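The values are calculated or read from the model by the stated rules, or taken from the named source; none is laboratory data. Note that the structure is predicted; figures quoted are calculated from it, not measured. When we count neighbours, we look across all protein chains shown, and the Cβ atoms used for this are built from the backbone with ideal geometry, even at glycine.
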Amino acid sequence: MSTKCLRAKWLLPIDGAPIDGGWIETASGRIVRVGSGRAPEAAEDLGDVALLPGLVNAHTHVELSWLEGRVPPAGSMDEWIGTIVRTRRAGAPGGRDTELAAARHAVASMVASGTALVGDISNTLMTPGLFYDAGLSGVVFHELLGFNALDPTGDVREAWARVDEARRNLKEPQGTSRSPIGTREPRNLGTSEPHVSFSVVAHAPYSVSPALFSAILARAGRTPLTIHLAESPEELEFLRTGRGPIRRTLETLGVWTGTWRVPDCDPIQYVMDLGYLQPGTLVAHAVHVTDDGLERLRRAKAVIVTCPRSNLWVGAGPPRLSHFYAARVPVAVGTDSLASAPTLNMFDELAEMRRLAPEVSAGMLLESATRVGADALGFGRDFGTIAPGKRAVLTQVALPAAGASDVEEYLVSGVPAHDITPLRP
């Protein structure tokens, strides 16, 4: 069994302090040893670089990449939704070929900027093969909408049939099991091959009927769940009163139903009452969650996936990042889509998080973009930290000529794209 050893100016294991002059030894795509000081004689010195785990983009919509440049920033979520609905209905110039090409280019850009693991939201299941071919592991969440679904059970059955077909097309063994703390863990494959898992999930409380929520839960088993939640003031208004821009949009789309009962509560309570907020559920955005709502998320052992650049783009406002961390809710990071963010580069997202929450430590932000995201997606055994047994999927960042007195702070303050190099087995 051949081994390889890499030495860097800074090694960031994530589950410990940065190591000055750290090194790692790998074999068969796995990390074997981690050390500091004198490295094995055969070690390759990478020079003045920081070495950290591959980043985790825990919430993205790669199939929307063709919308890049077609959906401008909006003053409100309602305005942005209107634009994206009209644009998607008109279709991509060139049809599916254009969509596939844009998605493939987006995946390549994610890999180039250090992403190793993804949580992708997909209505079409276009993306699993693209991730696998690019060497990206992760979860593809097959998302359902249906505020007035006529046959919820049938809709979910058909969705899982599409997932089964996508899984067969990958020709790769799948499987997950629940860990003791409620997150989901795939079995340790023991290889350097990518692993793509699947789940069928609900979009949001204003686009999925209670019956469809129930049908999704009935088939979910131990697969991870995600949901867009508390993203906008319009969502809060709709759940409290049944009125507002969302009600008008549902009527315009012809899917409003008078049988829906106004819950008169906040989004967190609504999904709790439906049974959808379970240990490990990924709550995307959470921009307008109150302190009480954060406490409920913490008790439920849910995970917030924050996408601050997207929140600002769509007019939802900035997320309350410092409150997320202060409430001790696990925080993962996503970029959302190129319809609502200028790049899918996680270092760009980290820089925005640093701008919005200067009081949160750089180490905690980096942990959100690595270990927390990996655990949330069920890949904590293989990704998220630099430790023996983990996959040797790493990200190398060149440091400035003057050095970095605080390497963690440097990494969350805006890393030039040309200084990022993905390292793969």
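A few points about this structure:
- With respect to the conditions (1) farther than 23 Å from Arg70 by Cα; (2) part of a strand (DSSP E or B), Glu143 lacks only one, and its number is (1).
- Taking the criterion of being more than 29 Å from the chain's Cα centre (by Cα) and not acidic (Asp, Glu), the residues of the stretch 256-266 that qualify are Trp256, Thr257, Gly258, Thr259, Trp260, Arg261, Val262.
- When the stretch 137-159 is filtered for residues that are touching a His at 6+ places or on another chain (Cβ under 8 Å), under 14 Å from Leu212 (Cβ atoms) and buried (at least 18 other Cβ atoms within 10 Å of the Cβ), the ones remaining, listed by number, are Glu143, Leu144, Ala159.
- Within the set Ala103, Ala134, the sole residue that is out of contact with any strand residue (DSSP E or B) (no Cβ under 9 Å at 6 or more places or on another chain), surrounded by 22 or more Cβ atoms within 10 Å (Cβ to Cβ) and farther than 17 Å from Gly378 by Cβ turns out to be Ala103.
- Residues in the stretch 373-400 that are farther than 30 Å from Phe198 by Cβ and touching a residue at least 12 places away in the same chain (Cβ under 8 Å) were compared, and the one that is surrounded by the most Cβ atoms within 10 Å (Cβ to Cβ) is Val397.
- Strands (runs of 3 or more DSSP E) lying entirely in the stretch 17-61 (those with 1 or more residues that are modelled with pLDDT under 95): 22-27, 30-36
- Residue ID - farthest from Met364 (Cα to Cα), chosen from residues in the stretch 19-40 that are surrounded by fewer than 21 Cβ atoms within 10 Å (Cβ to Cβ) and in contact (Cβ under 8 Å) with a residue 40 or more places away in the chain: Ser28
- The one condition from (1) closer than 30 Å to Met126 by Cβ; (2) small (Gly, Ala, Ser); (3) touching a residue at least 60 places away in the same chain (Cβ under 8 Å) that Gly293 does not meet is (1).
- Number of residues in the stretch 137-152 that are farther than 16 Å from His203 by Cα and either at pLDDT below 95 or out of contact with any strand residue (DSSP E or B) (no Cβ under 6 Å at 6 or more places or on another chain) (or both) equals 2.
- Residue match in the stretch 95-116 (condition: basic (Lys, Arg), out of contact with any Lys or Arg (no Cβ under 9 Å at 6 or more places or on another chain) and either at positive phi or assigned to a helix (DSSP H, G or I) (or both)): yes
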